[in-house]
Amino acid sequence: MNPVKVIAVASGKGGVGKTNVSVNLACQLAKMGRKVLLMDADLGLANVDIMLGLRPKWNLSHVLNGQCDIQDVIVKGPNGIDIVPAASGIKKMSELGADQHGAIVRSLSALQDQYEVLIVDTAAGISDSVVTFSQASQHVLVVVTDELTSMADAYALMKVLNRDAGIRRFKILRNMVDSQQQARDGFNRLDEVTRRFLDVHLEYSGYVPRDPYLVKADSRQQAVSELYPGADSSLAFKRLAETVEKWELPVSPSGHIQFFGERLIDTREGEGEGVIL
């Protein structure tokens, strides 16, 4: 059994469409036949369930409080994806420490045989939860628009994740752009700056164009990939999913806490390459 592919979707600031990317990437991967789990990791300000008009009975706060198991909080989303909802408006959930973030990562281990892909929709910015969940993932996809503040905050995010979590490789998705050329130009500017000042490598992962159909889908609390599958943004998310399919799985545990780390170890042992952390 292959390891679960784990992708943290992050952004330096809010308002860049990060959660939309997470939801629609999950939908497109599910359309391709993948078993997908989407975790809302903006722990105190849930976004995924609001965006999709869901009303979950349980969320991650109940798991941490011992009121239920992780399996109990899962709700069904579009295209058959499963969703782990976060709490909404609970201040203490946004102030959790490293031990509690680690407990959330470990709690998902009970689900490791059920999924092929985990998408972690992190909080915007550089909070401790973003650092922990990004480090616990295999790939970090940074969503960046053409706004100068988005560019600057994406740079700051990668600087923090590199310094505090040792992450050196980032996938970059350009969102809400007017053309492929604009997307490439923006990536090249960001890549040039990071090459000069940071010890990181950026990989261009495509772009999502401005699309009125995406706005319409949002207003109806549905994923554009489900409601308008032929829309420009939906096709862009499909291309992103095809790109994600090509991302390599890790060959060994990283040495720190990871989502579904046990399954990675089991896979290695099954190949005669057991690794002891």
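The values are calculated or read from the model by the stated rules, or taken from the named source; none is laboratory data. Every value quoted in this text rests on a predicted model; they were computed, and no experiment measured them. Ligands, DNA and RNA are excluded from the accessible area calculation, which covers all protein heavy atoms including side chains. Shrake-Rupley method; radii C 1.70, N 1.55, O 1.52, S 1.80 Å.
Computed over the chain with a Gaussian network model linking Cα atoms closer than 10 Å, the most mobile of Pro209, Pro78, Pro250 is Pro250.
Estimated purely from DSSP H runs of n ≥ 4, each contributing -39500 (n - 2.57), the mean residue ellipticity at 222 nm for the chain is -12500 deg cm²/dmol once divided by its residues.
Using only Cα atoms, locate the centre of the range 1-39 and the centre of the range 97-121, then give the distance between them in Å, rounded to an integer. The range 1-39 and the range 97-121 have Cα centres spaced 14 Å from each other. A Gaussian network model of the chain, with springs between Cα atoms under 10 Å, assigns the largest mean-square fluctuation among Gln222, Gln181, Gln138 to Gln181. Residues His201, His101, ordered by accessible area of protein heavy atoms at a 1.4 angstrom probe radius and largest first, appear as His201, His101. The DSSP beta bridges internal to the range 20-119 are antiparallel in roughly 35% of cases. In terms of distances greater than 32 angstrom between alpha carbons, the cross-link table entries Lys92/Lys238; Lys5/Lys159; Lys31/Lys92 yield Lys92/Lys238; Lys31/Lys92.
A Gaussian network model of the chain, with springs between Cα atoms under 10 Å, assigns the largest mean-square fluctuation among Asp191, Asp99, Asp146 to Asp99. When only Cα pairs below 8 angstrom with a gap of at least 6 residues are kept, the chain shows a relative contact order of 25 percent. Considering only beta bridges that DSSP places wholly inside the chain, some 10 percent are antiparallel. What the range 1-144 shows is 36 Å² of accessible area per residue, with the surface traced by a 1.4 Å probe over protein heavy atoms.
Remark on Ser88: its backbone amide H falls under 5 Å from those of Ala46, a criterion applied only to residues 5 or more positions apart or on other chains, H modelled at 1.01 Å from N. Per residue, the average separation of C-alpha pairs within less than 8 Å and at least 6 apart gives the range 123-243 a relative contact order of 21 percent. Working note: Karplus 6.51/-1.76/1.60 with θ = phi - 60° gives the range 12-23 the couplings x, 9, x, x, 9, x, 4, 5, 4, 5, 4, 5 Hz, where Gly and Pro are set to x.
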